[in-house]
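The values are calculated or read from the model by the stated rules, or taken from the named source; none is laboratory data. These figures come from a predicted structure and were not determined experimentally. Here Cβ is always computed from backbone atoms with ideal geometry, including for glycine, and neighbour counts include all displayed protein chains. Ligands, DNA and RNA are excluded from the accessible area calculation, which covers all protein heavy atoms including side chains. Shrake-Rupley method; radii C 1.70, N 1.55, O 1.52, S 1.80 Å.
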Amino acid sequence: MLQVYLVRHGETEWNVAHCIQGQSDSPLTEVGIRQAKLVAERVKSIGITHIISSDLGRTQKTAEIIAQACHCNIILEPRLRELNMGILEGRAISSLSDEEERWRRNLVNGSPGARIPDGESMGEITERMFTALEKCRSLPAGSIPLLVSHGIGLGALLNRILGVPTYAERRLRLRNCSISKVDFQETPWLANGWVVETAGDISHLVEPALDEQQI
């Protein structure tokens, strides 16, 4: 059985400012760095053999902190990037026009084929995220990889494993530096292939994630 750990990056400056990140970038805050260190402390005894990260700066920084604790090198994987949010990247949500907010909400609310101009659909990000996960099956036997990616991307990946349509409403809350785990297995009790073991675990964090404070 292959076990794969999935980690969302730490809190960023744009998370705090409620700006749309997509494939643009924003540095980790001090809270985000502490969150990444707590993930590292949590997973360092698991025996992680490979750390595979989105090539965006916020994921690379999170991965570097985890890799140092796990004594692993980092493999950069562009397919683990966040959803391309097109012309809205870098914009504060509060600054969006009514039409721009409809574009954004259509992605959240499950409108089939929704995309922001110059951006990406949920179907497109789902397929590239799943392809990146499938690549882990070619790692040597006994490998325990950890993938560092993004909130929308990881949510799309987990939905794909669960059989949820790519355009479904977003209902998985994956907070900054949450940990999820998926397995590839053959069992008489579940469908063969990828299964979700845990999703969005933040029990290792000692201070609330920003989006938790906003509930």
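Values for this structure:
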| quantity | calculated |
| --- | --- |
| Shape call, the chain: gyration tensor on alpha carbons, a/c limit 1.5 | oblate |
| Backbone HN-Hα couplings from phi across region 184-190 [Karplus 6.51/-1.76/1.60, Hz, Gly and Pro as x] | 9, 8, 10, 8, x, 9, 9 |
| Euclidean distance of C-alpha centroids, region 179-205 and region 140-158, integer Å | 11 |
| Nonlocal amide H pairs with Leu2, under 5 Å, H built at 1.01 Å | Phe184 |
| J(HN,Hα) series, region 73-78, from Karplus relation 6.51 cos²θ - 1.76 cosθ + 1.60, nearest Hz, glycine and proline x | 7, 10, 9, 8, 9, x |
| Protection proxy ranking of 80-91, 134-145 - average other beta-carbon atoms within 10 Å, highest first | 80-91, 134-145 |
| Cα-derived Rg over Rh, computed across region 89-199 with Rh taken as Kirkwood radius | 1.02 |
| Amide H contacts of Leu76 (H built 1.01 Å from N, under 5 Å, at least 5 apart or other chain) | Ser53 |
| Relative packing of 93-101, 159-167, which averages over residues the other C-beta atoms within 10 Å, highest first | 159-167, 93-101 |
| Protein accessible area in region 94-213, 1.4 Å probe - carbon and sulfur % | 48 |
| Amide H partners (placed H, <5 Å) of Glu120, local residues excluded | Asn84, Gly86 |
| Helix-derived mean residue ellipticity, 222 nm - over the chain, DSSP H n ≥ 4, -39500 (n - 2.57), to 500 | -10500 deg cm²/dmol |
| For Met1, solvent-accessible area (1.4 Å; no DNA, RNA or ligand), Å² | 140 |
| Fraction of antiparallel bridges per DSSP, region 3-147 only, in percent to nearest 5 | 20 |
| Cα gyration tensor shape of region 10-66, rounded if a/c is under 1.5, else prolate or oblate by comparing a/b with b/c | oblate |
| Of the DSSP H helices in the chain, those whose Cα atoms cover at least 27 Å axially and whose Kyte score averages -0.5 or more | none |
| Volume in Å³ per residue [convex hull over Cα atoms, computed for region 1-115] | 122 |
| Formal net charge of residues neighbouring Cys136 (Cβ-Cβ distance under 15 Å; K, R +1; D, E -1) | +2 |
| Of all accessible heavy-atom area on region 1-50, the percent that carbon and sulfur account for (1.4 Å) | 51 |
| Among Leu158, Leu190, Leu28: highest mean-square fluctuation, GNM of the chain, C-alpha pairs under 10 Å | Leu190 |
